[in-house]
There are 2 protein chains.
Amino acid sequence: MSTLQQLVSSAAKLSVSPQSYHPLDPINAAEIAGAVYAIKSYIAQNEKSNDYRLWFKSIQLIDPPKKVLAPYLDAWHEARARGHQVDKLPRHAEALLGVKRKDNTCTWYEFRVRVDGKAVVEKAEPTPADLHVPADVAEMLACEEALMKNEEFLAACKKIGVPAHAKIIPDGWIYGADSTQRSERYTPFMVYLSFNENEDSCHYSAPLPIVPVLNSDTFELVRLDYTPILGTGEKTILDLDGPFPWHLYIQNEYDQAILESMGENFRKDLKPLRVVQPEGASFRLEGRVLRWQKWEIHIGFNAREGIVLSDIRYDGRKTFYRLSVSDMTVPYGDPRAPYHRKQAFDLGDLGAGICANELALGCDCLGDILYLDWDHLGVQGQNTTAKSVICIHEQDEGIGWKHTNYRTNNPSVTRNRVLVIQSILTVANYEYIFAWKFDQSAAVHLETRATGILSTAAILPGETSPYGNIVSPGVLATNHQHIFCVRIDPSIDGHNNTVVQEDSVPMPYDKHNPPADNRWGVGYVVEKTPFKVSGFADADPMKNRVFKITNPNVVNPISGKPVGYKLVPAPSQLMIAHPDSIQYARAEFGEHHLYVTKHVDGEFYGGGKFTNMSNGNAKGMRTFVARNDNVENDDVVVWHSFGLTHNPRVEDFPVMPCEVHTISLKPNDFFTRK
Amino acid sequence: MSTLQQLVSSAAKLSVSPQSYHPLDPINAAEIAGAVYAIKSYIAQNEKSNDYRLWFKSIQLIDPPKKVLAPYLDAWHEARARGHQVDKLPRHAEALLGVKRKDNTCTWYEFRVRVDGKAVVEKAEPTPADLHVPADVAEMLACEEALMKNEEFLAACKKIGVPAHAKIIPDGWIYGADSTQRSERYTPFMVYLSFNENEDSCHYSAPLPIVPVLNSDTFELVRLDYTPILGTGEKTILDLDGPFPWHLYIQNEYDQAILESMGENFRKDLKPLRVVQPEGASFRLEGRVLRWQKWEIHIGFNAREGIVLSDIRYDGRKTFYRLSVSDMTVPYGDPRAPYHRKQAFDLGDLGAGICANELALGCDCLGDILYLDWDHLGVQGQNTTAKSVICIHEQDEGIGWKHTNYRTNNPSVTRNRVLVIQSILTVANYEYIFAWKFDQSAAVHLETRATGILSTAAILPGETSPYGNIVSPGVLATNHQHIFCVRIDPSIDGHNNTVVQEDSVPMPYDKHNPPADNRWGVGYVVEKTPFKVSGFADADPMKNRVFKITNPNVVNPISGKPVGYKLVPAPSQLMIAHPDSIQYARAEFGEHHLYVTKHVDGEFYGGGKFTNMSNGNAKGMRTFVARNDNVENDDVVVWHSFGLTHNPRVEDFPVMPCEVHTISLKPNDFFTRK
């Protein structure tokens, strides 16, 4: 009997309550503690001396292989319907941690640990030698602490005349590669001044034209870069004839208490608007399986991707096996050193889970909100719980549909109620709000909101620059892009699906010799091109290009066409950087709007697993596509890249109003009327 | 003293209360009654015999000329600020009506009537001989009544075997031109069957393959067209070997009462979600001037455009002189006669005001809603009031901006409250929801929602077609487009503005010989191209193309750039029909995404004033653009065309879930921080 058969046949057996177990539930506190203990023991046995300390980056669930999990989930549903339960699957976690030795060497490991029952280390491998592990906030703060004690840096600040009353605030950033040569792992700092004692004062209004670079592992200062101080060219503060006019910096505050203390007048004429749900929310959660209307959704969460939605079914029918935000790159367009290195991968370089806000502090959603916590671990391996990293609520989104019979004047109208599963990331200065929305017409939407504070740079007051906009005196907000990559693992009525590109194209016409089938030149048809092998395509809104994820094995009896879901790709600008640049090479998912690959277990990250300081060597999307796998009537994965080119406005500072983008997956001939 | 000087100098004088008078207020009931009396008297004096009856199409305000109105509005605001009032401006209305004589001739007239005080006819001109007046619902119903008594039509229905128990329901439609030859004004009918006594039964599930064509003026039957009955080719029901299988038609109902009577199970698990505004709404209306937050907006309404927003100011600064939906075309892609004529201009062929829903019947917005009525006239010239054609309310649209300080973990977060001014049109089977939204960050959005019922055609059950989708047995929903044209008359800090196209483009790079200013190939800059003379441009999302409406005379002191508003054009597919087709010629605004013209009084309609059966002769956008006017630092008008190509899904029937599109006008360096 194969494992697969065993799993399916085990469906009828009873064990734990279905509320308390799902194979995709995030690693819990007990599992984390067990894994950390096993890892520590493993390291202790394998390290030559005990002069080391561990630095834990992350731990997260390893999804069971699809060939095991997919039938298991079917059995899980079937058993639940009968009031039965299924046996548990083995649980595995992957952990990322470094061994920092007294001699300043550091080895980073990927661990695979079985975590159900007594934890067992199954694999411990150094991370790839040519790639780097992500940064983390604790590491940045440790670097910051070291920097603030560094004599060379402090002397440099003094030399350029930083006013004595100013507080120096260095923000850890990401060090993008600018060549294919390997370097140590570095943490650069964007440094700012604050002239206000309040720690929530907006220091981004007073950038300092120095970028210190530290070794991320040893926290040692590597060098000081001086930034260009004019609109173009490389002249730095060291080249200035006189002192930098620090006094021209003005305060741009956003914190309400600070603004109040400054005597700012707030608008007082907005009357309260409350969302009231007297009978409570319409959804319910069993374990982490959310049920709302005809939807069933498992809500996972991990360090790298944040929210992961799995095994999504509508009215009992499979729709999507797994939905997640796979990756994101934020390349900046100022070509001058050291700014040319500014290209963050906010998921791969840090982690969407790692950066998730504790939402009860400022989710501020309306209505009845349910929060989910996340068990994670601190850098020392200590258990820690991030409270309320996910919020779940319902939202009214206006009219769902309407028709008025013009003869009887009778209107029929529905509201569009949606279920929102949301998480908010803070990545130093920036914020991203990711909201997965499920509606009553069986559509799924991902809404991204970009907000937060622009990454600012010092510029001599009075200067302007072609590389950005002046948003406050002496403050250059650089032009940049945000390119998101969403991973869509469909299961439209089953796991074998075909992606079809559909263009609306005119029929041939010649007015001097009109064709019989298009005599007046108004005809158009839909040109369909299925993906046969893994590949890519671009949005083409001028052809109304849509991509349909279909199941060719299930035909809609009404239309006679395969059942499917439709993705209208967001036709946003892709990587502007030159195709020969390292920036472009790193953004493996930033070349095209849509990629179709064949499912491979664990292949979740469009930019590759290790994006931090990658230089085209991260084995991401380009590697997945190059396999030339069959993707016709097969287990496909669809990746959609989209985003925004953000050339800042004065209005975007100090905090930018949300820039909202939505992509939608809508059923297309998936349903019959009945 | 010029009129202009008189107006400005009259600002200090007092007259009526500012609440009771605004020069852009729609024509009121008394003015309509006066105008109709004057028009009737005029006609009575000028008609040779009294054997005629009048058919009134519409009456609406003629906006005062901009050179008068613009300074007047400044004076109006200034006077209001001082608690004074200004003298009234003369009021004029334009009316459209026909004289139908006993000998079956009909003359259509455009009247200009001064309506303040005793009404005076100032102009009465026959409508242009080569163009046609719009249809209207009363006319369609009159045609319908005539059709249902027409022996030829009833015999034809009998001949094709319409079941005796079926009720025949003809929906009046629009007759699109297919040649440049003039014809009389016609009304075609899409005919359906109903098998349910209830008048709200959805007859669109049972289309009849006959299109009768009636003379719109005389209501006489012109001819019967038989529609193609297969997926391709021209074979009609007359060519069928056997009877049409009417019995295969199924009922697709949407009306709740009917569905309940059929035993349909409704979802019962959606718990109430209420928007409560315990202190009421935050806006107030003085006359028709809406004040909300820092916005001031005059809300007009007319027969042709529906909502017209004028004299829009933010914090006392001018932003937009006039905003309106100018036009819309709905071309269908089935090339076969008689479907090749299916191209509606829902504003020009009927009128957005004329088709507006009475919203208290089914607006179904949440929160505190204010409704505005509209005084209009019936076809006999009788005064009539459409109740609640506009609804105004506030809406919460999620997070406005957020930032969490990662050092203190303190979040700052705002909600995004918006003010919505909305109107809903029913155009026979289809519905359009137009919502103008104003937000707290000084952005203006137009949200369009397309909903309602697809225009369906009969197809032999079992057939499929390249020209559409089968949405119910025997029901072909044809592929079609909706192209909207929004008219934006800006007044960014004044009336002289310049429109600048901005593209984000890479800096030159060669990796073998890297340029000094772009050594790593990551640099990009914004390429700016101002419109100098009237013209057009297309969206180019791959270049992140945006259009900035700037005032070159007012520089933002922070950024050093002209103050402006940014329009990100919706890059939707434009007219698919061949450029040599009549369909294409008619859609004068459907060739490009953006047009920039110089303001001309009364030039409001992208497709021309008379679109009904126009054939390229309507003197719309192409005429406006061809003037080659200066538009640099001048009184410009911006027109944005966008829409959707709608290839129906089974899910779109019987009522399609809203297809939502939003375009935004966002301040761009319009504000300084302070």
remark   = Measure of exposure for A:PHE195: accessible area at 1.4 Å probe, Å² rounded to 10, is 80 Å²
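I need to check one value: relative contact order of the stretch A:111-266, counting alpha carbon pairs closer than 8 Å and at least 6 residues apart, in percent.
Values: 208 pairs, mean separation 27.7, N = 156.
The normalised contact order for the stretch A:111-266 reaches 18 percent.
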request  = Evaluate peptide A:194-205: per residue, the Cβ atoms of other protein chains within 10 Å of its Cβ; return the mean as an integer.
outcome  = 2
task = Report, in whole Å, the centroid distance computed from the Cα atoms of the stretch B:195-218 and the stretch A:58-101.
result = 57 Å
ask   = Which value, in square angstrom to the nearest 100, describes the accessible area buried between chains B and A on both sides, using a 1.4 angstrom probe?
value = 12900 Å²
request  = From other protein chains only, count the Cβ atoms within 10 Å of every residue's Cβ in B:644-656, then give the mean.
outcome  = 6
request  = Pairs of Cα atoms under 8 Å, at least six residues apart: use those to get the relative contact order of chain A, whole percent.
outcome  = 13 percent
key: Label 7 Å beyond Cα on the Cβ vector: B:LYS268 copy-to-copy distances, nm   = 5.1
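Could you work out what % of the accessible surface of the protein assembly as shown is carbon and sulfur, using a 1.4 angstrom probe and leaving DNA, RNA and ligands out of the count? Write down the numbers at each step before the final one.
Values: 23930 of 47130 Å².
About 51 percent, which is the carbon plus sulfur part of the accessible surface.
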note = D (µm²/s, integer) via Stokes-Einstein for the stretch B:3-126, Kirkwood Rh across alpha-carbon pairs, 20 °C, 1.002 mPa s: value 134 µm²/s
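With a probe of 1.4 Å, find how much accessible area the protein assembly as shown has per residue, and write the answer as a whole number in Å². Intermediate values should be presented prior to the final figure.
Details: 47130 Å² over 1348 residues.
Accessible area per residue: 35 Å².
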remark   = With the label set 7 Å along Cα→Cβ, A:ALA626 is separated from its counterparts in the other copies, in nm and shortest first, by 5.7
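Let me have the 222 nm mean residue ellipticity of chain A computed from DSSP H runs of 4+ only, each contributing -39500 (n - 2.57), with the sum over all residues rounded to the nearest 500.
Numbers: 8 runs with 79 residues, N = 674.
Taken over chain A, the calculation gives -3500 deg cm²/dmol.
Once the Cα gyration tensor of the protein assembly as shown is found, what semi-axes does its equivalent ellipsoid get, as square roots of 5 times the eigenvalues, in whole Å, sorted largest first? Please report the intermediate quantities before stating the final value.
Working: eigenvalues 621, 326, 144 Å².
Those come to 56, 40, 27 Å.
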ask   = Excluding ligands and nucleic acids, what accessible area in Å² is computed for B:GLU260 using a 1.4 Å probe, to the nearest 10?
value = 100 Å²
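Using only alpha carbon pairs under 8 Å that are at least six residues apart, calculate the relative contact order of the stretch B:3-126 and give it in whole percent.
Numbers: 204 pairs, mean separation 41.6, N = 124.
This gives 34 percent for the stretch B:3-126.
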ask   = Counting only protein chains, not ligands or nucleic acids, how are B:LYS57, B:LYS666 ordered by accessible area (probe 1.4 Å), most first?
value = B:LYS666, B:LYS57
remark   = Normalised Cα Rg of chain B, dividing by 2.2 N^0.38 Å with N its residue count, works out at 1.03
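Evaluate the charge dipole of the stretch B:137-261 about its Cα centre and quote only its size in Debye, nearest 20, assuming +1 on the Cβ of each Lys and Arg and -1 on the Cβ of each Asp and Glu. Before the final figure, lay out the partial values.
Numbers: 8 positive and 20 negative charges, 83 e Å.
Taking the Cα centre of the stretch B:137-261 as origin, the dipole is about 400 debye.
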query = Ranked from the most accessible area to the least, with a 1.4 Å probe and all protein chains present, what is the order of B:LEU419, A:LEU230, A:LEU350?
reply = A:LEU230, A:LEU350, B:LEU419
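With a 1.4 Å probe and all protein chains in place, put A:LYS532, B:LYS318, B:LYS102 in order of accessible area, largest first. Write out the running numbers ahead of the final one.
Working: A:LYS532 115, B:LYS318 40, B:LYS102 160 Å².
Correct descending sequence by accessible area is B:LYS102, A:LYS532, B:LYS318.
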task = Starting from the Cα of B:SER49, step 7 Å along the direction of its Cβ; do the same at B:ASP130; then give the gap between the two resulting points in nm.
result = 3.3 nm
request  = Find every distance from the label point of B:ALA360 to the corresponding label point in the other copies (7 Å from Cα along Cα→Cβ) and write them in nm, one decimal, shortest first.
outcome  = 4.6
inquiry  = Taking the full set of protein chains and a 1.4 angstrom probe, give the accessible area of A:ASP510 in square angstrom, rounded to the nearest 10.
reply    = 70 Å²
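Step through the table entries A:LYS402/A:LYS437; A:LYS57/A:LYS100; A:LYS48/A:LYS100; B:LYS57/B:LYS88; A:LYS528/B:LYS342; A:LYS528/B:LYS235, compare each Cα-Cα distance with 19 Å, and write down the pairs that go over it.
A:LYS402/A:LYS437; B:LYS57/B:LYS88; A:LYS528/B:LYS342; A:LYS528/B:LYS235
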request  = For peptide A:522-534, compute the average count of partner chain beta-carbon atoms within 10 Å of each residue's beta-carbon.
outcome  = 5
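The values are calculated or read from the model by the stated rules, or taken from the named source; none is laboratory data. As the structure is a computational prediction, the values presented were derived from the model and not from experiment. Quick reminder, even Gly has a Cβ in these numbers, built from the backbone with ideal geometry, and neighbours come from all protein chains shown. Protein only, heavy atoms only, side chains kept; ligands, DNA and RNA dropped before computing areas. Shrake-Rupley method; radii C 1.70, N 1.55, O 1.52, S 1.80 Å.
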